[in-house]
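**Q** Structure in structure tokens, see below.
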Amino acid sequence: MKLPKLVLIAVGKLAAVACRLVGRDAGNFPGLALWTIDKSFLRCFSVDCPVIAVTGTNGKTSTTNYLNKIFSSLPNEKCVITNMQGNNLDTGIGSLLLHHCDMHGRIHADHLVLEVDESHVPVIFKYLKLETLVVLNFFRDQLDRNGEVETLILKVQKFLEHSDAQLVLNADDPNVVRLCPKGKKAHFFSVEKYEGATDELYEAGEGKFCPFCAAALEYEYYQYSHIGRFRCPRCGYGDVTPETQIKDIDFDNSCFKINGEAFTSKYMGIYHLYNLSAVYTAAKLYNIDSKLINDAFEDFQVNNGRMEVFRTSDAELLLNLAKNPVGANMTLRLLNQYKGEEQLLFVLNDNVADGLDVSWIWDINFSIFNNVTKVVTSGTRAYDIAVRIKYSGYDAQKIVPIPDLDAAAAEIFSTGGRKFAIANYTAVQPTRAALTRYITAKEAH
Ligand SMILES: [Zn+2]
């Protein structure tokens with residue numbers, strides 16, 4: 001027997017109150033409680049505004065935050081609901097809706113901007129009406145949870161065949177272009193060939209074959225991983241004209257153009273430019289003024305271990321979260337953009353939330369360590385990552401494995417200069433804490 005909506009909502013709201021009383025984060029538990037009682041609990045909610053969702057392996061959180069910022073800056077906008085903390089499964093989104101709904105499950109807002117895990121798109125939007133879906137990319141990610149990337153793509157593809165949502169799709173990812181149902185028009189976004197693009201596949205990537213006729217895809221160039229200008233020589237798959245293309249990229253002055261208009265952003269990594277292109281395309285579907293979009297691009301502050309900078313008097317360290325090879329390769333590419341000596345800290349954990357299998361580190365491309373004078377490895381799998389880097393041909397004498405994070409932080413800061421840190425999912429917060437402790441202690445002296 002299914003409980004009436006009213007009862008479920010009441011139970012969920014009580015669970016949220018209980019969370020707050022015991023000082024627990026209510027970001028996931030109330031939704032989880034309802035899910036335990038009724039797997040279709042999301043049917044309880046009714047939303048009276050457009051729902052915009054962002055999905056894909058990498059860049060969901062940033063892209064969602066940009067869109068939230070842009071919608072919130074609209075002159076008549078009173079309420080934008082978003083899951084900024086990244087609770088992006090059905091239980092997390094259920095908790096968010098519980099927080100904002102009345103006792104009848106009704107949600108009144110101007111826009112709902114949601115980050116949604118790829119595997120949960122069909123689950124969540126079976127019950128909520130989706131107006132716009134942004135799909136950034138599909139890479140191999142946490143295999144234990146998602147299964148092979150192909151299974152995941154097929155799930156989303158199947159869902160989209162019966163959805164009337166408008167689609168904002170990455171024109172340069174063969175795993176994404178295929179999501180556009182036959183006969184339907186999608187809004188494609190892209191970034192023009194940039195100076196770091198290559199003729200050969202440079203990092204491990206998915207999607208080397210045409211999903212329709214299985215011929216090997218031909219690439220004009222690769223931007224990073226399997227993202228680039230591709231085409232199937234046999235059936236023509238990939239011949240799409242992007243509606244938005246970022247052009248005239250100027251890394252020195254941190255600016256670029258879209259449709260002839262100038263934009264600036266502090267974050268100019270190629271993968272980040274793709275996110276910006278997606279944000280622009282989605283915002284334009286809602287006729288948002290370019291000035292508001294550029295304001296968001298300019299002001300945006302990434303933190304929480306995503307391109308976060310830590311400074312001492314004589315050194316600077318840039319920390320970036322990496323949950324998969326592509327994420328790690330992005331940071332290594334950035335490291336390679338700079339001249340002069342650098343050091344790298346790599347923190348690898350294998351807790352449940354990371355996926356217990358750390359074999360993805362073997363897909364990271366460590367062959368570009370041009371100026372790296374030292375690598376410190378840490379985390380519960382400090383030795384695994386050290387071995388991996390040694391096997392890439394890097395001088396073992398320069399690798400220092402230190403499982404204890406405080407000691408690792410002290411080691412990386414024992415010399416001055418530019419530093420980079422990569423940490424996987426559960427390693428990010430402990431790494432931030434250790435770096436902050438080190439810097440605070442150092443400044444106190
Ligand atoms: Zn083909």
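The values are calculated or read from the model by the stated rules, or taken from the named source; none is laboratory data. Computed from a prediction, not measured in an experiment: that's the story for all the values here. Note: ideal-geometry Cβ built from the backbone for every residue, glycine included; neighbour counts use all protein chains shown.
**Q** Residues Ala278, Ala315: which one is surrounded by 15 or more Cβ atoms within 10 Å (Cβ to Cβ) and at pLDDT 95 or above?
**A** Among Ala278, Ala315, only Ala278 is surrounded by 15 or more Cβ atoms within 10 Å (Cβ to Cβ) and at pLDDT 95 or above.
**Q** Considering only segment 210-238, state which residues are more than 9 Å from the ligand (Cβ to nearest atom), of a type outside the set (Gly, Ala, Ser), in contact (Cβ under 8 Å) with a residue 40 or more places away in the chain and buried (at least 19 other Cβ atoms within 10 Å of the Cβ).
**A** Those that are more than 9 Å from the ligand (Cβ to nearest atom), of a type outside the set (Gly, Ala, Ser), in contact (Cβ under 8 Å) with a residue 40 or more places away in the chain and buried (at least 19 other Cβ atoms within 10 Å of the Cβ): Gln223, Tyr224, His226, Ile227, Phe230.
**Q** Can you name every residue in segment 389-445 that is assigned to a loop (DSSP other than H, G, I, E, B) and either among the hydrophobic types (A, V, I, L, M, F, W, C) or at pLDDT 95 or above (or both)? Show your work before the answer.
**A** Residues of segment 389-445 that are assigned to a loop (DSSP other than H, G, I, E, B), as a first pass: 392-395, 402-404, 413-416, 424, 445.
Scanning segment 389-445 gives Ile402, Pro403, Asp404, Phe413.
**Q** While we're looking at this one, here's another question. If you go through segment 398-419 one residue at a time, do you hit one that is in contact (Cβ under 8 Å) with a residue 60 or more places away in the chain and under 24 Å from the mean Cα position of the chain (by Cα)?
**A** Looking for residues that are in contact (Cβ under 8 Å) with a residue 60 or more places away in the chain and under 24 Å from the mean Cα position of the chain (by Cα), one finds at least one in segment 398-419, hence yes.
**Q** I would also like to ask the following. Which condition number does Asp357 fail, the rest of (1) assigned to a helix (DSSP H, G or I); (2) at pLDDT below 90; (3) over 27 Å from Tyr267 (Cα atoms) being met?
**A** (1)
**Q** Among the candidates Ile364, Ile293, Ile288, which residue alone is among the hydrophobic types (A, V, I, L, M, F, W, C) and within 30 Å of Ser392 (Cβ to Cβ)? Explain how you work it out, then say what you get.
**A** Details: Ile293 fails: within 30 Å of Ser392 (Cβ to Cβ); Ile288 fails: within 30 Å of Ser392 (Cβ to Cβ).
The unique qualifying residue is Ile364.
**Q** I would also like to ask the following. Looking at His108, His100, His104, His120, which is the one that is more than 22 Å from Lys158 (Cβ to Cβ) and touching an Asp or Glu at 6+ places or on another chain (Cβ under 8 Å)? I'd like the intermediate steps shown before the answer.
**A** On the way: His100 fails: touching an Asp or Glu at 6+ places or on another chain (Cβ under 8 Å); His104 fails: touching an Asp or Glu at 6+ places or on another chain (Cβ under 8 Å); His120 fails: more than 22 Å from Lys158 (Cβ to Cβ).
The unique qualifying residue is His108.
**Q** I would also like to ask the following. Pairs under 7 Å by beta carbon, first residue of a type in the set (Asp, Glu) in segment 248-268, partner in a strand (DSSP E or B), six or more apart or different chains?
**A** Asp248/Phe256; Asp248/Lys257; Asp250/Phe256
**Q** Would a scan of segment 395-403 turn up a residue that is among the acidic types (Asp, Glu), touching a strand residue (DSSP E or B) at 6+ places or on another chain (Cβ under 8 Å) and surrounded by fewer than 18 Cβ atoms within 10 Å (Cβ to Cβ)? Walk me through it before giving the result.
**A** Filtering segment 395-403 down to residues among the acidic types (Asp, Glu) leaves 395.
Imposing the further condition that a residue be touching a strand residue (DSSP E or B) at 6+ places or on another chain (Cβ under 8 Å) reduces the set to none.
No - not one qualifying residue is present in segment 395-403.
**Q** Residues in segment 339-356: is at least one within 21 Å of Ala407 (Cα to Cα) and under 17 Å from the mean Cα position of the chain (by Cα)?
**A** Here is the first cut: in segment 339-356, the residues within 21 Å of Ala407 (Cα to Cα) are 342-351.
Still in the list and also under 17 Å from the mean Cα position of the chain (by Cα): none.
For segment 339-356, residues within 21 Å of Ala407 (Cα to Cα) and under 17 Å from the mean Cα position of the chain (by Cα): absent.
**Q** In segment 319-372, which residues are closer than 24 Å to Ala433 by Cβ and among the acidic types (Asp, Glu)?
**A** Of everything in segment 319-372, those that are closer than 24 Å to Ala433 by Cβ and among the acidic types (Asp, Glu) turn out to be Glu342, Asp350, Asp354.
**Q** Can you go through Val11, Val22 and tell me which one is surrounded by 16 or more Cβ atoms within 10 Å (Cβ to Cβ) and free of Cβ contacts under 8 Å to residues at least 40 places away in the same chain? Walk me through how you get there before you give the answer.
**A** Working: Val22 fails: surrounded by 16 or more Cβ atoms within 10 Å (Cβ to Cβ).
Result: Val11 is the single residue among Val11, Val22 that is surrounded by 16 or more Cβ atoms within 10 Å (Cβ to Cβ) and free of Cβ contacts under 8 Å to residues at least 40 places away in the same chain.
**Q** Next up: Taking the stated definitions as given, is Val191 under 30 Å from Gln337 (Cβ atoms) and either more than 16 Å from the ligand (Cβ to nearest atom) or basic (Lys, Arg) (or both)? Write out each step before concluding.
**A** Values: under 30 Å from Gln337 (Cβ atoms): yes; either more than 16 Å from the ligand (Cβ to nearest atom) or basic (Lys, Arg) (or both): yes.
Judged against the criteria, Val191 is a match.
**Q** If you check Ser95 against the conditions, is it at pLDDT 90 or above, surrounded by fewer than 23 Cβ atoms within 10 Å (Cβ to Cβ), in contact with a Phe, Trp or Tyr (Cβ under 9 Å, 6 or more places away or on another chain) and not assigned by TED's automatic domain parsing to the domain that holds Asp173? First the steps, then the outcome.
**A** Numbers: at pLDDT 90 or above: yes; surrounded by fewer than 23 Cβ atoms within 10 Å (Cβ to Cβ): no; in contact with a Phe, Trp or Tyr (Cβ under 9 Å, 6 or more places away or on another chain): yes; not assigned by TED's automatic domain parsing to the domain that holds Asp173: yes.
Judged against the criteria, Ser95 is not a match.
**Q** Taking the condition outside the structural domain of Val240 (by TED's automatic domain parsing) and either at pLDDT 90 or above or surrounded by fewer than 16 Cβ atoms within 10 Å (Cβ to Cβ) (or both), does His120 pass? Explain how you work it out, then say what you get.
**A** Numbers: outside the structural domain of Val240 (by TED's automatic domain parsing): no; either at pLDDT 90 or above or surrounded by fewer than 16 Cβ atoms within 10 Å (Cβ to Cβ) (or both): yes.
Taking the combined requirement at face value, the residue does not satisfy it.
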